[in-house]
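**Student:** The structure follows.
The values are calculated or read from the model by the stated rules, or taken from the named source; none is laboratory data. Being a predicted model, the structure only gives us computed values, none of them experimental. Using ideal geometry, Cβ is built from the backbone for each residue, glycine included, and neighbour counts are taken over all protein chains shown. The protein model used for the area step is the full one, side chains on, heavy atoms only, and it has no ligands, DNA or RNA in it. Shrake-Rupley method; radii C 1.70, N 1.55, O 1.52, S 1.80 Å.
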Amino acid sequence: MGLALAEAQASYDAGDFAVGSVIVLEGEVVGRGRNWGATHNDPLSHAEIDAIRDACRQLGKSSLAGATLYSVAESWPMCLWAIHESGIDRLVLGARHKALGMTRFGDYTVEGMIEFTKSNLELVTGVREADCTVMRGKGGGYLIE
């Protein structure tokens, strides 16, 4: 999670939202991602998707079966679907939408999406949650919707 926090800080320093993700496979970091939405004018450029793209390029394949994705913040529906489609087995989260006061997606949670899709994704929550909540809190009004 420390590496994901470093990616989030780099994203924030570049003028984007403080979100970072890292993908680990067999004990090795195979993908890194950060949010590029504001600086690239791309609403689809989220940290999880950036990390998935990086890992697939690095490995030369589209399946990330056996991998773990670490994310500073709870993944949005679009990102969670990309995680599902890439075959990632485990998602480790820091900050959660509810703790950040985010209401944009109503009652959405990763757990609800996993249940809805009947996914086998393993979910681990609360990893460095306080650090991730502070990091994700950078940027002011964007978080409290």
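**Student:** Could you identify the single residue in 91, 44, 123 that is modelled with pLDDT under 95, aliphatic (A, V, I, L, M) and not in a helix (DSSP H, G or I)?
**Tutor:** One residue alone meets the criteria, 44.
**Student:** Which of the numbered conditions does residue 38 fail, given that it passes all the others? Conditions: (1) closer than 21 Å to residue 133 by Cβ; (2) at pLDDT 95 or above; (3) surrounded by 15 or more Cβ atoms within 10 Å (Cβ to Cβ); (4) not hydroxyl-bearing (Ser, Thr, Tyr).
**Tutor:** Of the numbered conditions (1) closer than 21 Å to residue 133 by Cβ; (2) at pLDDT 95 or above; (3) surrounded by 15 or more Cβ atoms within 10 Å (Cβ to Cβ); (4) not hydroxyl-bearing (Ser, Thr, Tyr), the odd one out for residue 38 is (2).
**Student:** Just to be sure before I move on: is residue 71 in a strand (DSSP E or B), polar (S, T, N, Q) and under 11 Å from the mean Cα position of the chain (by Cα) in the structure I sent?
**Tutor:** The answer is yes for residue 71.
**Student:** When the range 77-88 is examined, which residues are found to be assigned to a loop (DSSP other than H, G, I, E, B) and crowded, with 20+ Cβ neighbours inside 10 Å?
**Tutor:** Correct list: 88 only.
**Student:** Further question: Against the conditions (1) touching a residue at least 60 places away in the same chain (Cβ under 8 Å); (2) open to solvent by 60 Å² or more (accessible area, probe 1.4 Å), where does residue 118 fall short? Just the number, please.
**Tutor:** So residue 118 meets the others, but not (1).
**Student:** Something else about it: Would you say residue 131 is over 22 Å from residue 45 (Cβ atoms) and free of Cβ contacts under 8 Å to residues at least 40 places away in the same chain?
**Tutor:** It is false that residue 131 is over 22 Å from residue 45 (Cβ atoms) and free of Cβ contacts under 8 Å to residues at least 40 places away in the same chain.
**Student:** Just the residues that are part of a helix (DSSP H, G or I) and either basic (Lys, Arg) or out of contact with any Asp or Glu (no Cβ under 9 Å at 6 or more places or on another chain) (or both), please, taken from the range 94-120.
**Tutor:** 98, 111, 112, 113, 114, 115, 116, 117
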